[in-house]
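The values are calculated or read from the model by the stated rules, or taken from the named source; none is laboratory data. Here the structure is a predicted model, which is why all the values come from computation and not from measurement. Here Cβ is always computed from backbone atoms with ideal geometry, including for glycine, and neighbour counts include all displayed protein chains. Protein only, heavy atoms only, side chains kept; ligands, DNA and RNA dropped before computing areas. Shrake-Rupley method; radii C 1.70, N 1.55, O 1.52, S 1.80 Å.
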Amino acid sequence: MWNEYKIKWFEKAAHLTDFYEGIARKCNERDLLNKSSNVLDVGCGLGYLSVALSPYVNSVTALDISEEAIGFLNKKCSEQGTSNIKPITCDWKKHKPEKRYDIVFICYCGGFGTEEFFKLARLSRKYVVGIIPTSSFGDNFGISRFFKPVKAHMKRENLSSVSDFLEQNNIVFDNIEHNCEFGQPIDSMEEYKSFMEHYFDIKDDDLLKKHSEACLKKKGKAYYLPNIKRSNIIIVENGLCSDNYKAFQ
């Protein structure tokens, strides 16, 4: 769940990356988006993907169960004068729109490679688009060289698990690689330790010292933890093949 620390860290990192803008551009280049499109962003978090999509479409409905995240997005839309995003605090599985959306997006939220995919598909007329990590753990912030994956990351949905699920269900999909710098600005060594403990449950001072000396970059009086976010944009199109149609009924 979102809290003041996660929001602060994510906001600092998001200002330095075009990860979400890159997703929107690639989808637009594939002609998935147009000014008449009404899209749904499932598990939108702080809404950076919703904001990136908004210039290309008619409307974005942004859903998240976190009141803190939706409050952040409402404030951001108000400050930026963005009028075509509708943030809603809601469990997407209970969302019942009057009509289906043109496209449903789900970004790093889980559920794309499980039976929940069919629930997502029933909300869409044209496409379901999932942005997923290439691997469960990968080399986030360079930590795989120093630490074993924590259980939460080992179970995370990834390209292999999603591909297997879609292929087993005879669902044709398109796959676009999306690798982008998405590092973390850090103000102090105390914040670095808090960040590593909060996200990766790492508290070993000796290992943290080795990791920080190898990976943490000095930036003036602060620091930066570089990271390449390796992702895949998985696109399932309604009607792409005869085996798909059941998912969109």
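Looking at segment 215-249 only, could you name the residues that are open to solvent by 60 Å² or more (accessible area, probe 1.4 Å) and modelled with pLDDT of 90 or more?
Scanning segment 215-249 gives Lys217, Lys218, Lys219, Gly220, Lys221, Ile228, Arg230, Glu237.
Per-residue answers, yes or no, for (1) touching a Lys or Arg at 6+ places or on another chain (Cβ under 7 Å); (2) at positive phi:
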| position | (1), (2) |
| --- | --- |
| Glu68 | no, no |
| Thr82 | no, no |
| His95 | no, no |
| Gly110 | no, yes |
| Arg122 | no, no |
| Thr134 | yes, no |
| Asp139 | no, no |
| Lys148 | no, no |
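Looking only at segment 196-214, filter to residues that are without any contact (Cβ under 8 Å) to a residue 60 or more places away in the chain and open to solvent by 90 Å² or more (accessible area, probe 1.4 Å); which one of those is nearest to Trp9 (Cα to Cα)?
Here the answer is Asp201.
Please specify each residue of segment 91-118 satisfying the condition of being within 17 Å of the chain's Cα centre (by Cα) and of a type in the set (A, V, I, L, M, F, W, C).
Once the filter is applied, which keeps residues that are within 17 Å of the chain's Cα centre (by Cα) and of a type in the set (A, V, I, L, M, F, W, C), segment 91-118 yields Trp92, Ile103, Val104, Phe105, Ile106, Cys107, Cys109, Phe112, Phe117.
Quick one: Glu21 ticks every box in (1) more than 30 Å from Phe195 (Cα to Cα); (2) among the charged types (D, E, K, R); (3) at pLDDT 95 or above bar one, so which box is it?
The number of the failed condition is (1).
Looking at the structure I just gave you, is Asn74 without any contact (Cβ under 8 Å) to a residue 24 or more places away in the chain and of a type in the set (S, T, N, Q)?
Values: without any contact (Cβ under 8 Å) to a residue 24 or more places away in the chain: yes; of a type in the set (S, T, N, Q): yes.
Answer is yes for this residue.
Quick check on Lys96: is it open to solvent by 30 Å² or more (accessible area, probe 1.4 Å) and not in a helix (DSSP H, G or I)? I'd like the intermediate steps shown before the answer.
Details: open to solvent by 30 Å² or more (accessible area, probe 1.4 Å): yes; not in a helix (DSSP H, G or I): yes.
Yes; evaluated as a whole, the condition is true for this residue.
Could you tell me which of the residues Gly183, Gly142, Gly130, Gly111 is open to solvent by less than 30 Å² (accessible area, probe 1.4 Å), at pLDDT below 90 and within 30 Å of Asp31 (Cα to Cα)? Please lay out each step first, then the result.
On the way: Gly183 fails: at pLDDT below 90; Gly142 fails: within 30 Å of Asp31 (Cα to Cα); Gly130 fails: at pLDDT below 90.
Answer to the check: Gly111.
Considering every residue within segment 166-178, establish whether at least one is open to solvent by less than 20 Å² (accessible area, probe 1.4 Å) and closer than 21 Å to Lys6 by Cβ.
No, because not a single residue in segment 166-178 is open to solvent by less than 20 Å² (accessible area, probe 1.4 Å) and closer than 21 Å to Lys6 by Cβ.
Within segment 178-200, how many residues turn out to be of a type outside the set (Ser, Thr, Tyr) and closer than 29 Å to Ile233 by Cβ?
Here is the first cut: in segment 178-200, the ones of a type outside the set (Ser, Thr, Tyr) are 178-187, 189-191, 193, 195-198, 200.
Next, from what is left, pick out any that are closer than 29 Å to Ile233 by Cβ: 178-186, 195-196, 198, 200.
Result for segment 178-200: 13.
So, of the residues in segment 5-54 that are assigned to a helix (DSSP H, G or I) and without any contact (Cβ under 8 Å) to a residue 12 or more places away in the chain, which turns out to be farthest from Phe105 (Cα to Cα)? Lay out the reasoning, then the answer.
Pass one, segment 5-54, residues assigned to a helix (DSSP H, G or I): 5-14, 19-29, 48-54.
If we keep only those that are without any contact (Cβ under 8 Å) to a residue 12 or more places away in the chain too, we end up with 8, 25, 29.
Numbers: Lys8: 24, Arg25: 14, Glu29: 16 Å.
By that ranking, first place goes to Lys8.
So which strands (runs of 3 or more DSSP E) are wholly in segment 180-240 and hold at least 3 residues that are touching a Leu at 6+ places or on another chain (Cβ under 9 Å)? I'd like the intermediate steps shown before the answer.
Details: elements: 184-186, 217-219, 222-225, 228-237.
Answer list for segment 180-240: 184-186, 222-225, 228-237.
Return the residue satisfying two criteria in turn: it lies in segment 80-93 and is part of a loop (DSSP other than H, G, I, E, B) and open to solvent by 40 Å² or more (accessible area, probe 1.4 Å), and of such residues it is farthest from Val60 (Cα to Cα).
Only one residue fits best here, namely Asp91.
Of these, Ile103, Ile65, which one is under 28 Å from Ser136 (Cα atoms) and buried (at least 18 other Cβ atoms within 10 Å of the Cβ)? Talk me through it step by step, then tell me what you get.
Working: Ile65 fails: buried (at least 18 other Cβ atoms within 10 Å of the Cβ).
Checking each option against the conditions leaves just Ile103.
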